[in-house]
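What follows is a single structure, written as structure tokens, with notes after it.
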């Protein structure tokens, strides 16, 4: 027999490297090993093995690890801030207050409330089933895939991760490839806090990694990002009947009435529009000001914006953009607006932008904007604030509700009755009165959007429970041989009619109910 020659086995291609680049300086920080598609099956297998052991711990035992993580992050606060600032181009103060503090606050919140929220809950039992008890248990879903964004790469990854972990799940995190250093930081923090192996795994990479993990059939998907990607994830999840929560974009309106505290509203608008260079799903992207105060408001707004300091030093207010691709989107919208007649109150036109040594765009205020401009309908996600006058409450509400988004909104007035009335008419998942963008950092409140801003919500009690199956249980002592609704049916119909009329009618008599119940039970024995 001739010798059979076998083909040499092909060598597996080494995973590519991700470049962590400081967007404020354009300098390379380091390279990070990317996830390879052939690791997918092993990653999910490891997650499910680790999840079984993690889920066997009581909630209080899991929270011991949360406490260790909180202490670790508190100890390494300055190092964490430096890493995230370098990865995103944010000022350090902004990293501390908007990235690190919300995570620490969330951990403390979980330590205090998770056991109560996820413990067995007693439920009512219909009168027809006297003697039974009902309750709800919360069961971990399994291996949870969390795909997090680049604009708040620490906060928007860790809070859903911790929510899932509290419920007994294992987590596979796909951090943004645009901020890979923060993704690596998260991975290291969980390891140093002593979480069991593979309870948390990170898969570093781009869109292709997100796709392969989504197709890997996780037990739940939590995605924060663009509407386009969210729809693609939802489509794949639907094919595999995988539940998903989608936290997507926004085009958030701020409505300022003439009786508002104008100085407070100006300061709120400046911060709400330009914090993180406007790269916030809850950014103020449309500012509606009642006409009698419109021009005075614009003047104060211009002065406040021009006083801001931009850079990456400890005392700067506005950092750089984070994503080069997002700079292109902002540029396109700005060019469209200016071509269609918008006027810049302050800022620079796109032809003067120089982002070669840092992705900086000076904050821009636009006036004379109109409905046909992209800047009023599409998410900008950059440091541009269009300001529009309005003449009536009805007009303000109509314009605020005019986009395909519904994530957040704010209403500014000294008339609290009017404020609450307007808020109730806004089609949005979140709203603030005389404040801006605060909802997402309140762990007691649910956070989610309507329309194209997403599906589902997290935070609050529901934010822990979405990562669990609800298991409904009814229990009987088992002492009776029969139930009243069991066979035989002979002779029960008239007794059931009387019983139900007694239960649901206008004249209820407990003694009569008890007798009828007993009589029907006797019929089961005959």
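Annotations
- Test: residue in region 422-429 that is more than 30 Å from residue 163 (Cβ to Cβ), assigned to a helix (DSSP H, G or I) and without any contact (Cβ under 8 Å) to a residue 24 or more places away in the chain: no
- Neighbours by Cβ (under 8 Å, 6+ apart or cross-chain): first from region 188-201, not assigned by TED's automatic domain parsing to the domain that holds residue 171; second at pLDDT 95 or above and assigned to a loop (DSSP other than H, G, I, E, B): none
- Residue 218 within 15 Å of the chain's Cα centre (by Cα), over 20 Å from residue 63 (Cα atoms) and either at pLDDT 95 or above or assigned to a helix (DSSP H, G or I) (or both): no
- Listing of strands (runs of 3 or more DSSP E) fully contained in region 68-157 that carry 2 or more residues being buried (at least 20 other Cβ atoms within 10 Å of the Cβ) and free of Cβ contacts under 8 Å to residues at least 60 places away in the same chain: none
- Meets criteria (closer than 30 Å to residue 371 by Cα, under 18 Å from the mean Cα position of the chain (by Cα) and outside any helix (DSSP H, G or I)) for residue 250: yes
- Qualifying positions in region 465-494 - closer than 30 Å to residue 218 by Cα and loosely packed, with under 11 Cβ neighbours inside 10 Å: 470, 472
- Among the candidates 260, 265, the residue that is in the same structural domain as residue 430 (by TED's automatic domain parsing), at pLDDT 95 or above and either assigned to a helix (DSSP H, G or I) or within 14 Å of residue 365 (Cα to Cα) (or both) is uniquely 265.
- Boolean, residue 498 is at pLDDT below 95 and in contact with a helix residue (DSSP H, G or I) (Cβ under 9 Å, 6 or more places away or on another chain): yes
- Residue 181 vs. criteria in the same structural domain as residue 156 (by TED's automatic domain parsing) and either under 27 Å from residue 111 (Cα atoms) or not in a helix (DSSP H, G or I) (or both): no
- Reported count of residues in region 448-500, each being within 30 Å of residue 165 (Cα to Cα) and without any contact (Cβ under 8 Å) to a residue 60 or more places away in the chain, is 4.
- For region 435-446, the tally of residues that are crowded, with 17+ Cβ neighbours inside 10 Å, in contact (Cβ under 8 Å) with a residue 40 or more places away in the chain and in contact with a helix residue (DSSP H, G or I) (Cβ under 8 Å, 6 or more places away or on another chain) stands at 5.
- Among (1) within 28 Å of residue 436 (Cβ to Cβ); (2) part of a loop (DSSP other than H, G, I, E, B); (3) outside the structural domain of residue 400 (by TED's automatic domain parsing) - the single one residue 229 does not satisfy: (2)
- Check on residue 467, closer than 30 Å to residue 252 by Cα, in contact with a strand residue (DSSP E or B) (Cβ under 8 Å, 6 or more places away or on another chain) and assigned by TED's automatic domain parsing to the domain that holds residue 103: yes
- Qualifying residues in region 449-466 (those that are in a strand (DSSP E or B) and on the phi > 0 side of the Ramachandran plot) - the one nearest to the chain's Cα centre (by Cα): 454
- Selection within region 309-319 - in a loop (DSSP other than H, G, I, E, B) and either more than 29 Å from the chain's Cα centre (by Cα) or crowded, with 24+ Cβ neighbours inside 10 Å (or both): 309, 313, 315, 319
- Screening region 417-434 for residues that are touching a helix residue (DSSP H, G or I) at 6+ places or on another chain (Cβ under 7 Å) and under 21 Å from residue 248 (Cβ atoms) and picking the one that is surrounded by the most Cβ atoms within 10 Å (Cβ to Cβ) gives 430.
Table: residues versus (1) over 17 Å from residue 387 (Cα atoms); (2) under 30 Å from the mean Cα position of the chain (by Cα); (3) surrounded by fewer than 22 Cβ atoms within 10 Å (Cβ to Cβ).
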residue	(1), (2), (3)
246	yes, yes, no
257	no, yes, no
262	no, no, yes
273	no, yes, no
279	yes, yes, no
286	no, yes, no
293	no, no, yes
296	no, no, yes
305	no, yes, no
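- Any hit, region 407-421, residues being at pLDDT 95 or above, outside the structural domain of residue 271 (by TED's automatic domain parsing) and under 14 Å from the mean Cα position of the chain (by Cα): no
The values are calculated or read from the model by the stated rules, or taken from the named source; none is laboratory data. None of these values were measured; they are calculated from a predicted model. Because the Cβ atoms are built from the backbone with ideal geometry, glycine has one as well, and the counts that use them run over all protein chains shown.
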